[in-house]
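First the structure, then my questions, so here it is.
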Amino acid sequence: MSRVPLAERVRPTKLSEVVGQSAILGDGKILNQIVAKGEPVNLIFWGPPGTGKTTLARIIANDLKADFIEISAVTSGKKDVEKIVEHARQNWNLGQRTILFVDEIHRFNKAQQDAFLPHVESGLITLIGATTENPSFEVISPLLSRSRVLVIESLSKNEIIEVIKRAIKLEKATKRVNKAAIDYLAELSGGDARNALNNLELALNLADKITPEVVKQAAQKVLPSYDKKGDMHYNVISAFIKSMRAGEVDAALYYLARMMQAGEDPKFIARRMVIFASEDIGLAGNGALGLALDAFQAIERIGMPESSLILAHVVTALTKAKKSRQTTDALYRAQKLAGAYPNLPVPIHLRNAPTKLMKDLGYGQGQKWEAGFKLDKNYLPNDIKDEKIFE
């Protein structure tokens, strides 16, 4: 049995062997153009784990016949970068390019990123970074502006199945793994090829015949790829809100279940529902805000796991409710108007008149302490009296 992990042995060595990523791979696509032209480009690969970021970097370096140096931002520091720079200078003198691949580049702080910025600018080093987090927030602007950011997508179920079948063929295990097991491996992977291959490898070591039960034993439990401070956190809550806004109950409940399964704070979800009740339902259902607030209070008092029932109840109600953004849009228009005219004088008939002098000057003139009383005068300042805020 080979000591090299299956995921490493099945790793593609050519762009044509890479599964998925049709947006950046194939005839006329950017990565093929870079290789065809023979000129390295600074790249940031942004995408989830197990989608081929490292593989793509290695293939590019190999096709460009560059010296490939691979480091992880988790275990490397400024001194490591300095050694790499010195090595790159030696390569430069020999007429060889140096490609530095930094895995998890978002783990480097600003000072560490600054350390290789001048060498990227000079062309001494071609940088290829890989990150699971949004590079807009995690990579310094000067480095970002000198790099091309390429989004690496999760692999589809069919693409994961293709990767699994390649690995099974490599292992000469076609007769050992049934179709249902392959399908289950792909389902469990969450678009992560490495995860699928690791589970397959363990399953092959556990039994002669690989069935879904064996796969389940090998995989144990699928951990959601959900970091409460990372992109997935914001992506899922965004999908949750947009699904409620669209009236898509199935989708709203699915994203709710994902958040709960990943250990999201139920109060965070409830807070977003309170905001949603006013922002998106508003005047179309004045009871929605009270329902959302009741849910928030119930969650504080009851706790998990029972709170998931309360959340599901209220999510369904809010999603199915009629929607109105009249007050939301009116607020935005009012804020815009207040920003443009922050110091307009209040009409004199609306001003407070606590003294005789103020009354004599006309402050509050004509006002009566009666329910629904209204003067036949403008209530907005004179300069904007004809503006319409609430439609």
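What is the helix-to-structure angle for 307-320, meaning the angle in degrees between its Cα long axis and the longest Cα principal axis of the chain, kept from 0 to 90 and rounded to the nearest 10?
That works out to roughly 70 degrees.
Going from most exposed to least, what order do TRP369, TRP92 have by accessible area with a 1.4 Å probe?
Solvent-accessible surface, decreasing: TRP369, TRP92.
How big is the range 79-148 in terms of Cα radius of gyration and Dmax, in angstroms?
Considering the range 79-148 through its Cα atoms, Rg and Dmax are 11.9, 37 Å.
Along the range 121-127, what does the Karplus equation 6.51 cos²θ - 1.76 cosθ + 1.60 (θ = phi - 60°) give for ³J(HN,Hα), rounded to whole Hz, x for Gly and Pro?
Values, residue by residue: 4, 6, x, 4, 10, 9, 9 Hz.
Still on this structure, please answer the following. Could you look at the chain and say what percent of its accessible area is carbon and sulfur, using a 1.4 Å probe and all protein chains?
52 percent
Can you compute the charge dipole magnitude of the range 273-391 about its Cα centre, using +1 on each Lys and Arg Cβ and -1 on each Asp and Glu Cβ, nothing else charged? Give it in debye, rounded to the nearest 20.
With Lys and Arg at +1 and Asp and Glu at -1, about 360 debye.
Residues with amide H under 5 Å of GLY129's amide H, sequence separation 5 or more or different chain, H placed in the peptide plane at 1.01 Å from N; which?
Long-range HN contacts for GLY129: LEU43, ILE44, PHE45, VAL102.
Another question, then. Helix-derived [θ] at 222 nm for the chain: sum -39500 (n - 2.57) over DSSP H runs of at least 4, divide by residue count, nearest 500?
Dividing the helical sum by the residues of the chain leaves -15500 deg cm²/dmol.
Dipole magnitude of the range 44-143 about its Cα centre, charges +1 at Lys/Arg Cβ and -1 at Asp/Glu Cβ only, in debye to the nearest 20?
Dipole magnitude for the range 44-143 comes out near 140 debye.
Got a sec to turn the phi values of the range 235-243 into Karplus ³J(HN,Hα) couplings, 6.51 cos²θ - 1.76 cosθ + 1.60 with θ = phi - 60°, whole Hz, x for Gly and Pro?
Values, residue by residue: 5, 6, 5, 5, 5, 4, 5, 5, 5 Hz.
Follow-up question, since we're still on this one. Skipping prolines and chain starts, which residues have an amide H placed within reach, meaning under 5 Å, of the one on ALA66, given they are 5 or more residues away or on another chain?
none
Follow-up. Provide the three semi-axes, in whole Å and in decreasing order, of the ellipsoid equivalent to the range 42-95 as defined by the square roots of 5 times the Cα gyration tensor eigenvalues.
Equivalent ellipsoid semi-axes, largest first: 22, 17, 7 Å.
With Cα extents along the principal axes in Å as the read-out, I listed [x] 77, 50, 38; [y] 72, 48, 44; [z] 97, 57, 38; which label goes with the value calculated from this structure?
[z]
Still on this structure, please answer the following. Choose one of ILE160, THR98, ALA130: the residue whose Cα lies farthest towards the positive end of the charge dipole of the range 69-187 (beta-carbon charges +1 Lys, Arg; -1 Asp, Glu; about the Cα centre).
ILE160
Same structure again: Measuring from centroid to centroid over Cα atoms, what is the spacing of the range 96-131 and the range 308-326 in Å?
After rounding, the separation between the Cα centres reads 47 Å.
Right, next: Rounded to the nearest Å, what's the spacing between the alpha carbon centres of the range 150-198 and the range 35-70? Just the number, please.
If you average the Cα positions of each part, the centres end up 23 Å apart.
So, for the range 207-354, what is the accessible surface per residue at a probe of 1.4 Å, expressed in square angstrom?
58 Å²
I would also like to ask the following. May I ask for the Kirkwood hydrodynamic radius of the range 166-223, worked out over all distinct Cα pairs and given in angstroms to one decimal?
It is 11.0 Å.
On a 29 Å Cα-Cα criterion, which of the cross-link pairs LYS157/LYS209; LYS267/LYS320; LYS169/LYS216; LYS267/LYS323; LYS323/LYS368; LYS110/LYS267 come out too long?
In this structure, LYS323/LYS368; LYS110/LYS267 exceed 29 Å between Cα atoms.
Evaluate the charge dipole of the range 242-298 about its Cα centre and quote only its size in Debye, nearest 20, assuming +1 on the Cβ of each Lys and Arg and -1 on the Cβ of each Asp and Glu.
Rounded to the nearest 20 debye, it is 100 debye.
Which residue fluctuates most in the GNM of the chain (Cα springs below 10 Å): LEU331, LEU127, LEU56?
Answer for the Gaussian network model of the chain: LEU331.
Oh, and also: Name the residue, out of LYS359, LYS165, LYS14, whose mean-square fluctuation peaks in a Gaussian network model built on the chain with Cα pairs under 10 Å.
LYS359
Each residue of the range 62-74 in turn: what ³J(HN,Hα) in whole Hz from Karplus with 6.51, -1.76, 1.60 and θ = phi - 60°, glycine and Pro shown as x?
Calculated HN-Hα couplings, in order: 5, 5, 8, 6, 9, 6, 9, 10, 10, 9, 10, 5, 5 Hz.
The values are calculated or read from the model by the stated rules, or taken from the named source; none is laboratory data. Because the structure is a prediction, the values reported are computed rather than measured. All Cβ positions, even for glycine, are placed from backbone atoms using ideal geometry, and neighbour counts span all protein chains on display. Note: areas computed on protein heavy atoms with side chains; ligands, DNA, RNA excluded. Shrake-Rupley method; radii C 1.70, N 1.55, O 1.52, S 1.80 Å.
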